[in-house]
1. Just checking, how many residues over the stretch 321-331 are surrounded by fewer than 14 Cβ atoms within 10 Å (Cβ to Cβ) and either out of contact with any strand residue (DSSP E or B) (no Cβ under 9 Å at 6 or more places or on another chain) or at pLDDT below 95 (or both)?
2. Would a scan of the stretch 258-266 turn up a residue that is part of a strand (DSSP E or B) and closer than 17 Å to residue 286 by Cα?
3. Every residue in the stretch 254-266 that is out of contact with any helix residue (DSSP H, G or I) (no Cβ under 8 Å at 6 or more places or on another chain) and surrounded by fewer than 21 Cβ atoms within 10 Å (Cβ to Cβ), please.
4. Checking the condition in the same structural domain as residue 330 (by TED's automatic domain parsing) and over 30 Å from residue 177 (Cα atoms), which residue from 10, 16, 32, 42 passes?
5. Is it true that residue 269 is crowded, with 18+ Cβ neighbours inside 10 Å, at negative phi and touching a residue at least 12 places away in the same chain (Cβ under 8 Å)?
6. Taking the stretch 262-289 only, how many residues are at pLDDT 95 or above and either under 15 Å from residue 175 (Cα atoms) or under 15 Å from the mean Cα position of the chain (by Cα) (or both)?
7. For the condition part of a helix (DSSP H, G or I) and touching a strand residue (DSSP E or B) at 6+ places or on another chain (Cβ under 7 Å), what is the one hit in 252, 204, 245, 219?
8. Just to confirm my filter: which helices (runs of 4 or more DSSP H) fall fully inside the stretch 72-185 and include at least 2 residues that are touching a residue at least 40 places away in the same chain (Cβ under 8 Å)?
């Protein structure tokens with residue numbers, strides 16, 4: 001079968017690769033849409049130490065089950081599904097606490113296991129979420145990034161006083177999803193900071209109450225509508241050193257910053273302000289099964305998405321598309337690859 005193989009920084013090729021070896025409890029799925037994630041673009045550049053070449057990436061995907069292993073209901077054959085690519089042990093203390101995304105033995109399809117930028121991929125049967133008839137595989141592939149947004153917003157709102165004002169930094173795919181999750185969670189005012197004009201407009205069309213070209217613009221608006229205090233919640237979907245500092249500066253005293261993006265590893269933050277204003281900084285990693293299920297439901301119901309879905313591109317264009325994506329943000333926030341479109 002064909003697969004898009006990453007061989008190291010900016011080295012990627014379409015090659016003949018072995019078909020997945022089916023195991024008990026697993027299925028073989030034919031991806032019909034696999035989204036390219038921003039973290040994969042960083043991985044392509046060699047900036048993600050958890051990706052080791054040679055590797056077939058691809059963790060945002062949906063498709064059709066073509067073969068099932070021992071112990072899997074044969075009725076799955078021919079059915080279409082979105083896939084939760086995060087695999088946890090289900091038995092450790094963290095898993096028993098419901099923190100399956102933090103399992104010490106967690107693995108991700110597309111990082112520790114061959115991913116969906118190939119004609120076929122092996123998937124645990126428990127990772128399958130059925131797609132209703134007529135729902136595009138591209139919609140199913142968006143469940144993974146939206147689940148990140150659902151999880152981040154839940155961490156910023158669960159068990160806390162009602163959040164009135166939230167700011168999302170970044171309007172790439174994850175930022176768009178975080179903003180929609182914030183609106184759907186009932187936050188009354190959600191602003192988005194994004195320097196790219198086209199992406200700002202997309203964020204507005206998809207439900208953001210206000211959009212800003214810079215954090216300075218956002219801060220002025222937030223101070224005006226929040227009695228001079230600042231935002232209750234800021235969610236950084238970029239993860240650059242500067243955006244993390246901006247997240248802290250946009251908060252009101254006692255507010256919370258949820259850090260989602262992974263662009264930079266190290267960041268210098270003025271901790272006198274963190275301490276004196278008693279703000280909370282919290283990382284958000286991936287999602288739980290419940291987050292994934294909620295995300296897929298919102299997508300299927302048409303309550304979330306990325307607007308008009310772009311066509312699926314053939315695997316053969318993968319290396320060319322990755323090389324183009326490193327040139328900088330484009331108006332189109334998501335590119336899908338697959339051997340066949342769904």
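1. 6
2. Scanning the stretch 258-266 turns up at least one residue that is part of a strand (DSSP E or B) and closer than 17 Å to residue 286 by Cα.
3. 254, 265
4. 16
5. Spelling it out, it is not the case that residue 269 is crowded, with 18+ Cβ neighbours inside 10 Å, at negative phi and touching a residue at least 12 places away in the same chain (Cβ under 8 Å).
6. Selection size over the stretch 262-289: 7.
7. Going through 252, 204, 245, 219 in turn, just one is part of a helix (DSSP H, G or I) and touching a strand residue (DSSP E or B) at 6+ places or on another chain (Cβ under 7 Å): 204.
8. 137-141, 143-157, 173-184
The values are calculated or read from the model by the stated rules, or taken from the named source; none is laboratory data. Just so it is clear, the model here is predicted, and its values are computed rather than measured. For neighbour counting, all protein chains shown are included, and Cβ atoms are generated from backbone atoms with ideal geometry for every residue, glycine included.
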